[in-house]
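Coordinate-derived values only; no laboratory data. A quick note: this is a predicted structure, and the numbers were derived from the prediction, not measured. Please note: Cβ atoms are built from the backbone with ideal geometry, for glycine as well, and neighbour counts cover all protein chains shown.
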Amino acid sequence: MNYAEAMTAIKKNDLKSVYLISGEETYLTDKIEQALLRKLLPDGNRDGLQRFNGDIDLHELMNLIESAPFFTDKNVILIRGTTLFKEKKKAAKTKETANPVEEQFMHLLENMPPYSVLILETPDKADKRRKIYKTIAKFGMAAEVEAIRAWNIKDWLQEKLIEINKQFDREAYTYFFEITGVMNQISLGFLDQELDKLVLYTDRQLITKQDLLQVLSSIPEVSIFSMLDAISDKNINKAILLLSEQLAGGIHPLAILTLLTRHTRQLWQAKTLQAKGYKGKQLAAPLGLVPFVAEKVGMKSLKFTEPVLKKALLNLAEADYKLKSGQANVALLDQIVIELCM
């Protein structure tokens, strides 16, 4: 199951005796872990919690699971960074054979004592073909926390808004997805901290676009987004003015270049896809954007010719090389923005 499904099950007290949380988005792993600990140890007493970093001997782990707690109702064993679920090279071609200790361990997972809970965490993608994975998926809970991208951030946002007791109005909702749509990599930890500021910024439950602009102003993508929007509308004067403001405000030229390259590539991809018959929301999956943002990118791409976008991407690649090697200054960015707006 995914992050949202796991959190829903925990909130409904659909608790298991063994958990596997796998995937590279460690921020979401931490959120599930904390939600579990609040449910399993509701009084905040951590005497019943045993933490380990990395695998421990399976014999020792089984002894811990079978040992009844003395001072708490639950014996919670948390193992971070386990390698038990990594793909075995031979498993891809031959049928997996578990050793007697592993078989004993899996039998214990099927028959966990009522007082013990095992939580296993790994940043790796779990091999679902492994017997141990199938055992946990059947008798416990196996949650996957994939890296958040623009197209799958919706569930996280809904969860976050519930947590801070806020709602976005339509304009704020659209703006948030447009901002995340231009991000190369979404840092949930950072976004989480920024959205927490909404609680301090306003007492109103309904959040507007202006509220987001104020709270998210420190994120480079927020200030650069207006420039990208001006380029998409071919508003050359506004685009150049905003570019100058970004540079004067201390935003590194390479950060601007990276986002400008991503945006230009999205416009080109949208134009190419529409020429092949893709329409409106059909652009969402191949562009990796939520449907209404993808539709908007598609409409804006029609203002550009393919040669202009192709030339811009070549110029951006050259600018990237020259800026990194110290062979050029930011005037290159001005020239590329002007050519895109022509």
Projected label distance in nm at Asp169 and Glu339, using a 7 Å step from Cα toward the beta-carbon: 4.1
Roughly how many debye, to the nearest 20, is the charge dipole of the chain about its Cα centre, given +1 on each Lys and Arg Cβ, -1 on each Asp and Glu Cβ, and no other charges? 1320
Using per-residue counts of other Cβ atoms within 10 Å, averaged over each peptide, order 133-140, 50-57 from highest down. 133-140, 50-57
Pull up the cross-link candidates among the aspartates and glutamates for Lys31, meaning alpha carbon to alpha carbon under 14 Å and not fewer than 8 places away within one chain. Glu5, Glu121, Glu144, Glu146, Asp155, Glu159, Glu163, Asp192
One can check that the equivalent ellipsoid of segment 203-255, built from the alpha-carbon gyration tensor with semi-axes equal to the square roots of five times its eigenvalues, has lengths in Å, largest first, of 24, 14, 8
Three principal axis extents, largest first, for the C-alpha atoms of the chain, in Å? 73, 55, 42
Past the 19 Å Cα-Cα mark, which pairs from Lys16/Lys138; Lys154/Lys303; Lys16/Lys74; Lys154/Lys209; Lys271/Lys311; Lys134/Lys154? Lys154/Lys303; Lys134/Lys154
Excluding residues fewer than 8 places away in the same chain, name every one of the aspartates and glutamates whose C-alpha is closer than 12 Å to that of Lys281. Glu295
Take Asp73 and Val101, extend 7 Å from each Cα along the Cα→Cβ direction, and tell me the distance between the two endpoints in nm. 3.5
Using alpha-carbon positions, what is the distance between the centroids of segment 136-191 and segment 1-80, in Å? 23
Highest GNM mean-square fluctuation among Met183, Met106, Met141, for the chain with Cα springs under 10 Å, belongs to Met106
Once fully extended, how much extra length lies between Lys322 and Gln193, figured as 0.36 nm per residue of separation less the alpha-carbon to alpha-carbon distance? 42.9 nm
FRET E, pair Ser226, Lys12, Förster distance 51 Å, beta-carbon r, rounded to 0.05: 0.75
How many angstrom lie between the Cα centre of segment 228-256 and the Cα centre of segment 263-280? 23
For a bin width of 5 Å, list the pair-distance distribution of segment 204-297 built from all Cα-Cα distances, rounded to whole %. 2, 12, 19, 19, 19, 15, 9, 4, 0, 0
